[in-house]
Amino acid sequence: MLTSKTKFPLIALLLSFGLFSACGGSDDDAPGPNGPCGDNYDFSVELADELQAISETVNAYANDPTTANCEAYRQALLNYVDALEDAEPCILPGQRDAYDAALDQSRQDIMDISC
């Protein structure tokens, strides 16, 4: 079963969605004709693969708490943080320092998971 130390990164990462704005920065901050925060940009769609991988790996680990399943869970969390980092241009400029700090702390917390 997942311990509180194992659950914390997942919860923290999911709560990080609260830092997102509808489209905080200017579209000039990112590639593409409308930047990554164009009218049709949806974080839940953009991060769906990463969230699905977390769901699958946490379920696999909960059902079979092996080192391999723990490592797969940890990697899925790291992939999610990487995807969140790619979305940084969508964060309001005044929130980017806190956002970066949260990503760094999340990476550290994930690496602290004992498999």
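What follows draws every value from the coordinates through simple rules; no lab data is involved. Every value quoted in this text rests on a predicted model; they were computed, and no experiment measured them.
For this structure, a couple of remarks:
- Within region 47-115, the proportion of C-alpha pairs whose separation exceeds 14 Å stands at 61%.
- Mean separation of Cα contacts under 8 Å, 6 or more apart, over the residue count of region 47-115: relative contact order %: 36
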